[in-house]
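Worksheet: the structure to be examined is printed underneath.
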Amino acid sequence: MAKEYLEAGLIAATHGVRGEMRVKPFSDDASFLSGFDTVFYDSEGQEPVRVVSARPHGNVTLLKLEGVDTMEKAESLRGRKLYIRKSQAVLPQGSYFIDDIIGLQAVDEAGGEVLGVISDVQAYPANDVWFIRNGEKEVLIPNIPSVVKKVCIPERKVYIHKMKGLFEDED
């Protein structure tokens, strides 16, 4: 079941003396958090907090939240995760939440053979790596256009180019 609230970032440090915080975003783009008026301190949406300001700063987002007006208050939040309401997020074309990818059936684009289910996604500098589990066997594939051909969230399937040697049983 897809989550309504997703982890968006981790409060990593303070920035200045007026309560601004350095947030390490859990996305490819530090400006992603700049698009929200409200974030949440919890994964159920029970603790909303208004975003006063947000701007990218290198690979982090500088975030100012309502009620956090001192360096000490900001410091007390260090290490805390922030959440967003998934329905309020706007993703670029061809981008997906990891939460939407996990659990999809991996299908051979050529023959329609079910190769397994995506069980995990790990981010690496060059590209994400998707873990496809079929019983006891697990295969890792790169999320690159020559391998991942089509993602169809409504069908709960991802069509991939079946790379030689990865999905065959060992003799």
Practice item. Taking Lys137 as the residue in question, decide whether it is closer than 14 Å to Leu104 by Cα, surrounded by 11 or more Cβ atoms within 10 Å (Cβ to Cβ) and not aliphatic (A, V, I, L, M). Key: no
Study note, to complete from the structure: Residue hits (the stretch 34-62; free of Cβ contacts under 8 Å to residues at least 40 places away in the same chain and touching a Pro at 6+ places or on another chain (Cβ under 7 Å)) are Ser34
Practice item. Could you figure out which of (1) outside the structural domain of Ser31 (by TED's automatic domain parsing); (2) touching a Leu at 6+ places or on another chain (Cβ under 9 Å) isn't true of Ile84? Key: (1)
Exercise for review: Output yes when any residue across the stretch 111-124 is within 20 Å of Asp29 (Cα to Cα), assigned to a strand (DSSP E or B) and hydrophobic (A, V, I, L, M, F, W, C), and no when none is.
Suggested key: yes
Practice item. Restricting attention to the stretch 96-134, report how many residues are under 14 Å from Glu155 (Cβ atoms), aliphatic (A, V, I, L, M) and loosely packed, with under 13 Cβ neighbours inside 10 Å. Key: 1
Revision key, fill the gap. Here the qualifying pairs (Cβ atoms under 6 Å; residues six or more apart or on different chains; first in the stretch 63-91 and among the polar types (S, T, N, Q); second surrounded by 14 or more Cβ atoms within 10 Å (Cβ to Cβ)) come out as Thr70/Gly19
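The values are calculated or read from the model by the stated rules, or taken from the named source; none is laboratory data. Keep in mind the model is a prediction, meaning the values are calculated, not measured. Backbone-built Cβ (ideal geometry, glycine too); neighbour counts: all protein chains shown.
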